[in-house]
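The values are calculated or read from the model by the stated rules, or taken from the named source; none is laboratory data. This is a predicted model, so every value here is computed, not measured. Cβ placement follows ideal geometry from the backbone for every residue including glycine, while neighbour counts extend to all protein chains displayed.
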């Protein structure tokens, strides 16, 4: 039988596969520019200069974005892949606007309103990225779907958490950075909304805990439900998360080399725990098992 694909559909498929990589590439460029701007700008009183460890963190998050783009291209846990791509994009916004704000402030006080606004939006992007990375791996791994339709409340909670957190950052009056008064006050802050911003912040913290607990619960439900390849995928993720947690609490020393190695291992273990079981041979085995299961027992796999 002749192929029914046309040049138009082929180009559409190529575009659909290419745009996630374009987003990640743009995020990498934005992060690089922002990082360079921060390094070249005089340090504001009370602020800390970026270090090599921060560069490792930035590279790691871009690597997660590349993993996400590859998952989307290969149609494996595509929704998880999309979340990782979006997280990389948010990181690009964070570093670019943070660097631009550092350049605008030029180490001087009082800080211009444009610089304060840049820091606020950068912080908002970081908050959204953090919540997304807390939610997506636990809730969507390894299938890219929720365990069942009954779990649709979880992404609603995570989204509401992100919105609450971002709004509390943008609208709350007072200092841009509570740890550094030199950055000045929030140019968007409305004194009349002080109480509202406080409520949003508390609600965001409660929803953050609920997002994490819900993600862990989704993981446990899958562990009890799955057998074979899918359970081995979950074991890989658990190993990566445990290793990451260990390196977060273990004191690797104060030297620059120790901090860089610690950050590299910390992110690397999670990257391997997510990527290898999905893109390696285990991912192909799991897909074959899912296909056989859905053919013989419709409705058994995640929805």
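Cβ contacts < 8 Å: first residue at positive phi and at pLDDT 85 or above, restricted to the range 177-194; second residue in a helix (DSSP H, G or I) and buried (at least 17 other Cβ atoms within 10 Å of the Cβ), any location; separation 6+ or different chain. Result?
184/116
Quick one: would you say residue 209 is over 24 Å from residue 275 (Cα atoms), at pLDDT 95 or above and exposed (fewer than 14 other Cβ atoms within 10 Å of the Cβ)?
So residue 209 fits the description; yes.
Go through 217, 198, 114 for me and flag whichever is in a helix (DSSP H, G or I) and either surrounded by 14 or more Cβ atoms within 10 Å (Cβ to Cβ) or in contact (Cβ under 8 Å) with a residue 40 or more places away in the chain (or both). Give the derivation first.
Working: 198 fails: either surrounded by 14 or more Cβ atoms within 10 Å (Cβ to Cβ) or in contact (Cβ under 8 Å) with a residue 40 or more places away in the chain (or both); 114 fails: either surrounded by 14 or more Cβ atoms within 10 Å (Cβ to Cβ) or in contact (Cβ under 8 Å) with a residue 40 or more places away in the chain (or both).
On inspection, the qualifying residue turns out to be 217.
What number of residues within the range 123-145 are free of Cβ contacts under 8 Å to residues at least 40 places away in the same chain and buried (at least 24 other Cβ atoms within 10 Å of the Cβ)? Outline the logic, then answer.
To start, the set of residues in the range 123-145 that are free of Cβ contacts under 8 Å to residues at least 40 places away in the same chain comprises 125-126, 128, 130.
From what's left, buried (at least 24 other Cβ atoms within 10 Å of the Cβ): none.
Number of matching residues: 0.
So which residues in the range 201-210 are touching a residue at least 24 places away in the same chain (Cβ under 8 Å) and more than 13 Å from residue 164 (Cα to Cα), if there are any at all? So that I can check it myself, show each step before the final result.
Going residue by residue through the range 201-210, those that are touching a residue at least 24 places away in the same chain (Cβ under 8 Å) are 201, 203-204, 207-208, 210.
Answer for the range 201-210, where residues must be touching a residue at least 24 places away in the same chain (Cβ under 8 Å) and more than 13 Å from residue 164 (Cα to Cα): just 210.
Looking only at the range 269-303, count how many residues are under 26 Å from the mean Cα position of the chain (by Cα) and at pLDDT 70 or above.
18
Quick one: which of 67, 104 is farther than 13 Å from residue 28 by Cβ, in contact with a helix residue (DSSP H, G or I) (Cβ under 8 Å, 6 or more places away or on another chain) and modelled with pLDDT of 95 or more? Talk me through it step by step, then tell me what you get.
On the way: 104 fails: modelled with pLDDT of 95 or more.
Going through 67, 104 in turn, just one is farther than 13 Å from residue 28 by Cβ, in contact with a helix residue (DSSP H, G or I) (Cβ under 8 Å, 6 or more places away or on another chain) and modelled with pLDDT of 95 or more: 67.
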